[in-house]
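Engineer: Before we start, here is the structure in question, set down as C-alpha cells.
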Number of protein chains: 2
Amino acid sequence: MQQPDSLQYIGVRDDIAARITAGEFKPGERLPSERQLQIGGGVARGTVREALFQLEAEGIIYRKDRSGWYVSPPPVVYDPTRWEGFMSYVEAQGRRPETETLSKVEIACDGVLAQIFSRPVGAPMYWIHRRRSIDGRAVLIESIIVDAARAPGLIEHDLNGSLTSVLKSVYGIGVARNKVDMRPCALTRGEAEALRVKSGLPGLSLVRTCYDAQGNVVEFDREYWRHDALTVSVDIRVR
Amino acid sequence: MQQPDSLQYIGVRDDIAARITAGEFKPGERLPSERQLQIGGGVARGTVREALFQLEAEGIIYRKDRSGWYVSPPPVVYDPTRWEGFMSYVEAQGRRPETETLSKVEIACDGVLAQIFSRPVGAPMYWIHRRRSIDGRAVLIESIIVDAARAPGLIEHDLNGSLTSVLKSVYGIGVARNKVDMRPCALTRGEAEALRVKSGLPGLSLVRTCYDAQGNVVEFDREYWRHDALTVSVDIRVR
C-alpha cells in the first residue's frame, strides 16, 4: 500500500536512521548520495531530501559545505555547574578541541556593556571573536568582552586557547562566580555563516558572565552553538 | 540607495524589533498585518515575511494558529540545579502555569526502559503524556514513564498538576537525585503538532531522570519545549 506523500518521508527517515544505528554509516562518515539512497526504495528524490532534512533537524546527520551529508559525531557533554573550560572538558572526553581567533580589537564601552561591567560609556574594552571546533568541525562562535583597564594588552597575547588561563596567569584575575544563561535559538545571519550552516538551523545561545571574588565582571561571553554538538547535563543530589 | 534583496529584510527586521523594544507592540499583542507592515516601508510582501520569519527564529515573535503574528512573552527562567517543579517556578515568576494530561495508559516495559529502570522487559509501566502552558500558551509537551509496581493506580489520580507531589503524598516516594540532559533540537512531527508550531522550529529537548534515595529510577521524563519559552540559567560560585 502506497503511503500518503506527507508520511512517506518518515519511512525513509526511519530506514536511514536504522542503518546509522546499526553501524552501516559511522559518525563522521559521508552518506551515499541522494540518488543512491533513492535507488531500491522506489521513492521520489524530493522524499529522500525531506527525510534528510528531518534527520538534520534531529541532529543525526549534518551537511558539510557542498560535499554532501555526514553522520553527526556524538555530542560533547557540558556541565555548567563545573568550572572546566571548553579546551579542558572536550579533551577529557577524548575529543580534539581547537580555538581560532577571528578578530580581537579595542572598542568603546556602549550603554549595554556599561551596565554589565559598571564602567562608564566610552571606556576601552576588548572584543574578541573566536570560533571553536571539535575534531575539526566548527561547533561554536563566540564574542567575548573584557574590560581593557583590568587586562591591559590582553589582545597582544595568543588567545587560541583558554582565555581564563591567560587572565589568571598573566593578570592574576581569577573567576569566583559564573552565571550561565542558555536559550535554544535559530542560527541566523552572521552566526550561521561563521559556522557554515544553513540559516535557520536550531542552535543554542549561551551567555556567560564571569565575576571575580569582589563581584566585578571579568568576562562577558556570548556563544552560539550548533544544535548537534552538545548536551548540557546537570546532575543534582539532595545534600 | 536600494539594498540588495538578500539584505533588505534585515532592515525591516531591525525596524519591527525596534518598535517592539520601544513598547509600541507589547508582549502577547498581535502585530499589524503583513500588508500594514508593508505600507510606508516601500518593500515587497516577501521581504516583510522574511523579516517576520527571522524574528520568529530569534524568539521575538510567534505565530498563533492562523490568526497572525504576536509578540513573544518573556521567557521563564529554569534553573536545573534547583528542586522546584514547573508549577512552582512558573508561578513564582508571576506567570500562570497549567498542565493538561493528554493521555495516561499502562504499557509494557521495552528494552530501552528495562535498562533505565532496571526492570524486566514486559513489566507494567505507566506512560503519561502531558502538555504544559504558561499564561494560556502551550510551551512544552512531555512523556513521563513511571514504574507501575512502585506507584500502583497512579493513573487513576488527577495528574494535571505536579506529578512529584502525587508520588510523594500518595506513595511516599521522594526524589533524591535529578539528572537533567538538555539539547537544542528542531520541533518536528508529533511534538510540533502538539505545540501547534511549524515543523522545524527550534526547540529544547530535555530528558530528566529522577532517582529515590536508594538509587532507583522513580520517573523518566522527556520534554520538548518551544524555543522562545524558557531560559536555562545556572549561577555557580566558588565554595
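The values are calculated or read from the model by the stated rules, or taken from the named source; none is laboratory data. Every value quoted in this text rests on a predicted model; they were computed, and no experiment measured them. Ideal geometry is used to build each Cβ from the backbone, glycine not excepted, and the neighbour counts take in all protein chains shown. Note: areas computed on protein heavy atoms with side chains; ligands, DNA, RNA excluded. Shrake-Rupley method; radii C 1.70, N 1.55, O 1.52, S 1.80 Å.
Engineer: What are the nm distances, shortest first, from B:Arg82 to its equivalents in the other copies, labels at 7 Å along Cα→Cβ?
Structural biologist: 2.5
Engineer: Under 8 Å for C-alpha pairs, at least 6 residues apart: give me the relative contact order for chain A, rounded to a whole percent.
Structural biologist: Worked out over chain A, it gives 17 percent.
Engineer: Also: Work out the length of the dipole vector of segment A:1-139 about its Cα centre, built from +1 on the beta-carbon of each Lys and Arg and -1 on the beta-carbon of each Asp and Glu, and round it to the nearest 20 debye.
Structural biologist: Computed charge dipole of segment A:1-139: roughly 320 debye.
Engineer: Roughly how many Å is it from the Cα centre of segment B:166-187 to that of segment A:148-193, as a whole number?
Structural biologist: So the two Cα centres are separated by 34 Å.
Engineer: Over 30 Å between Cα atoms, which of A:Lys179/B:Lys179; A:Lys179/B:Lys104; A:Lys64/B:Lys26; B:Lys104/B:Lys179 qualify?
Structural biologist: As for pairs spanning more than 30 Å Cα to Cα, those are A:Lys179/B:Lys104; A:Lys64/B:Lys26.
Engineer: Also, quick follow-up: Whats the longest run of chain B with zero GluC sites (Glu not before Pro) that are DSSP loop and have at most 16 other Cβ atoms within 10 Å?
Structural biologist: Longest gap between qualifying sites, sites excluded: B:85-239.
Engineer: Next question. Hey, got the average number of other protein chain Cβ atoms within 10 angstrom for residues in A:223-233?
Structural biologist: Across the residues of A:223-233, the mean count of other-chain Cβ atoms within 10 Å is 4.
Engineer: If the only charges are +1 at each Lys and Arg Cβ and -1 at each Asp and Glu Cβ, what is the size of the charge dipole of segment B:87-208 around the Cα centre, to the nearest 20 debye?
Structural biologist: With only Lys, Arg, Asp and Glu charged at Cβ, the dipole is about 340 debye.
Engineer: Still on this structure, I have one more. In square angstrom, what is the accessible area per residue of segment A:5-71 with a 1.4 angstrom probe?
Structural biologist: 54 Å²
Engineer: Which distances, shortest first and in nm, link A:Pro32 to the matching position in the other copies, using label points set 7 Å out along Cα to C-beta?
Structural biologist: Reported distances to equivalent positions: 5.5 nm.
Engineer: Can you pull the mean other chain C-beta count within 10 Å for peptide B:74-80?
Structural biologist: 2
Engineer: Classify segment A:157-239 from the C-alpha gyration tensor, please: rounded if a/c falls under 1.5, else prolate or oblate depending on whether a/b exceeds b/c.
Structural biologist: Oblate, because a/c is 1.5 or more while a/b does not exceed b/c.
Engineer: Follow-up. Run the label-point distances for B:Asp235 please: 7 Å along Cα to Cβ, every other copy, nanometres, shortest first.
Structural biologist: For B:Asp235, the other copies' label points sit at 2.6 nm, shortest first.
Engineer: If I model a spin label as a point 7 Å beyond the Cα along the Cα-Cβ vector, how far apart are those points for B:Arg222 and A:Arg177 in nm?
Structural biologist: The two pseudo-label positions are separated by 3.9 nm.
Engineer: Are there trypsin sites (Lys or Arg not before Pro) in segment A:1-85 that DSSP marks as loop and that have at most 16 other Cβ atoms within 10 Å, and which are they?
Structural biologist: A:Lys64, A:Arg66, A:Arg82
Engineer: Taking Cα atoms, how many degrees apart are the long axis of helix A:45-57 and the longest axis of chain A, rounded to 10 and kept between 0 and 90?
Structural biologist: Computed tilt is about 30 degrees.
Engineer: Can you give the angle from 0 to 90° between the axis of helix B:5-21 and the longest principal axis of chain B, with both taken from C-alpha atoms, to the nearest 10?
Structural biologist: Value to nearest ten degrees: 70.
Engineer: Report the FRET efficiency, 1/(1 + (r/R0)^6), for B:His129 and B:Asp14, where r is their Cβ-Cβ distance and R0 is 45 Å, rounded to 0.05.
Structural biologist: 0.65
Engineer: Extending each Cα 7 Å along its Cβ direction at A:Arg63 and A:Glu24, get the distance between those two points in nm, one decimal.
Structural biologist: 2.4 nm
Engineer: Can you show me the helix-derived [θ] at 222 nm for the protein assembly as shown, built from DSSP H runs with n ≥ 4 at -39,500 (n - 2.57) apiece and divided by the number of residues, rounded to the nearest 500.
Structural biologist: For the protein assembly as shown, the value works out to -7500 deg cm²/dmol.
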